[in-house]
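Here is the structure we will look at.
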Amino acid sequence: MNEYFATCTLGLEDALSAELVALGATDVEALRGGVRFFGEPELAYAANLWLRSATRVQELLLRSEVDSPDAMYAAVQTIDWSRCMTVEQTLAVEAAVRDSFSTHSGFVALKVKDAVVDWFRERHRRRPSVDPKDPHLALHLVLRRNVMTLYRNLSGASLHKRGYRPIQVKSPLNEATAAGLLLASDWDRRSAIVDPMCGSATFLIEAAWIAMQRAPGLGRRFAFERWPDFDRDLWIATKQVAEERMLRELPFRFQGSDHHAGALSLAERAIRAAQVHGCVELSQSDVDTFVPSHPFSTVFVNPPWGERLSEEESGDDVEDAWTRLSHFLHRQCGGKTAYVLSGNESLTRLLGLRASRRIPVMVGPIECRLLKYEIRAKSGPAGDQDRGGSA
Ligand SMILES: C[S@@+](CC[C@H](N)C(=O)[O-])C[C@H]1O[C@@H](n2cnc3c(N)ncnc32)[C@H](O)[C@@H]1O
């Protein structure tokens, strides 16, 4: 059994723990910003392939008490590095330090790097190079109260990079956070979702993949695939199981709308690349004139909250967007459940609804809430329902 640590956005630790339990991980423990778990190497492969809310899966290489740089160096040299990389490959070390003999993370990272490089030099008379940007082997060191914990990053690039979005878009809500919020919600994963301010359609694509049981890692590569101890047969078998499990069609349609043509064209491209064009429909309209054309159970929406106030997006525009969203929810969503992601409490009040559940989550540097609203079947015009309730 190996020990692993999967990282995630703050607030999504419980959703990630549930994903890991479903994959068969043991001793799953949610910590701040991630989840510790144990399992065989096949679990690590499955975790990279299947985890939706995680950003990185790391394997523990070493945990040791150290009281000096030399003790740290010696501990790192006890590892058989030939299973982690070849001398032709590159490495990088990043470190986080607290309450220890050194306060300088750059210095301890350098010490670990030297220990690995010297390990190779002693055996091969050559040394691997360092590549801080795209290393074959990325090591992560935590030094806390003189206990060093050293991980290797199995994932490589962050797991939110699914491969369906060739260019990074403006929204700070990444794919892993969007998926984590969907998993943290009470959406049944078997019914349609509407996003009336869908932007680049992250909620819709991630929801479609959840409903289709499509493994989010099927379209990308991982760091472990380039390492000497990579088990190709095990990996092929893990991916084959995922391919077989995937549903090709869904008996319902996800629907998205946005008033911005540029956002919709990005969404269209991503939807095709994610191969969900058969079950996600888009249209262009203002949120308060949007009328969904297929049945749905749930609204999932991330309205602008002024996180990027620019020339095109003034405070008035943002208030106007929330007021219009309120009209949509009251007029089109009677009897449905709505989840609204908000980073601004005063804007949230413009909805005129009372939240039945609040899920705190960090989106970029902003502390947000995913708010759940049960919208009454027979609601009047905006403002009639639960006016004055705390948003
Ligand atoms: C924070 S972004 C949503 C990001 C989205 N979740 C994604 O995956 O990219 C807010 C979106 O609301 C849209 N929007 C703002 N006001 C709107 C309105 N009145 N009607 C329709 N869409 C609107 C913007 O064009 C923008 O795409």
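No lab work stands behind these numbers, since they all come straight from the coordinates. Computed from a predicted model, the values in this text were never measured in an experiment. Using ideal geometry, Cβ is built from the backbone for each residue, glycine included, and neighbour counts are taken over all protein chains shown.
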Task: Using θ = phi - 60° and Karplus 6.51 cos²θ - 1.76 cosθ + 1.60, couplings along the stretch 262-275 (whole Hz; Gly, Pro as x) - done: x, 4, 5, 6, 5, 4, 4, 5, 5, 5, 5, 4, 7, 6
TODO: Read phi for every residue in the stretch 336-353 and hand back ³J(HN,Hα) as whole Hz from Karplus 6.51 cos²θ - 1.76 cosθ + 1.60, θ = phi - 60°, with x for Gly and Pro.
DONE: 9, 9, 10, 10, 10, 8, 10, x, 8, 5, 6, 5, 4, 4, 5, 6, x, 10
TODO: Give the long-range amide H neighbours of Leu62: residues separated by 5 or more places, or on another chain, with amide H under 5 Å away, using H modelled in the peptide plane at 1.01 Å from N.
DONE: Leu150
Open item on the list: Quick check: net charge around Thr202, other residues with Cβ under 11 Å of its Cβ, Lys/Arg +1 and Asp/Glu -1?
Closed with: -1
Task: Phi-based couplings in Hz for the stretch 319-325 (Karplus 6.51, -1.76, 1.60; Gly and Pro marked x) - done: 4, 4, 4, 5, 5, 5, 4
- [ ] Could you tell me which trypsin sites (Lys or Arg not before Pro) in the stretch 236-307 are loop residues by DSSP with no more than 15 other beta carbons within 10 angstrom of their beta carbon?
- [x] Arg248
- [ ] Among DSSP beta bridges whose residues both lie in the chain, state the antiparallel percentage, nearest 5.
- [x] 65 percent
Task: Span per principal axis, largest first, for the Cα atoms of the chain (Å) - done: 76, 45, 40
Task: Around Leu350: net Lys/Arg minus Asp/Glu count, Cβ-Cβ under 10 Å - done: 0
Open item on the list: Less than 10 Å Cβ to Cβ from Asp99, Lys/Arg counted +1 and Asp/Glu -1: what total charge do the surrounding residues give?
Closed with: +3
Task: Helix axis angle, 175-184 relative to the chain longest principal axis, alpha carbon, degrees - done: 70 degrees
- [ ] Quick one: which residues, 5+ away or cross-chain, put their amide H under 5 Å from the amide H of Leu282? H built at 1.01 Å from N.
- [x] Gly256
Open item on the list: Loop-only trypsin sites (Lys or Arg not before Pro) in the stretch 1-77, please: DSSP not H, G, I, E or B, and at most 10 other Cβ atoms within 10 Å.
Closed with: Arg32
Open item on the list: Between 0 and 90 degrees, rounded to the nearest ten: what's the tilt of helix 202-212 against the longest Cα principal axis of the chain?
Closed with: 80 degrees
- [ ] Place +1 on the Cβ of every Lys and Arg and -1 on the Cβ of every Asp and Glu in the stretch 2-153, take the dipole about the Cα centre, and give the residue among Ala44, Leu12, Ile79 whose Cα lies farthest towards its positive end.
- [x] Ile79
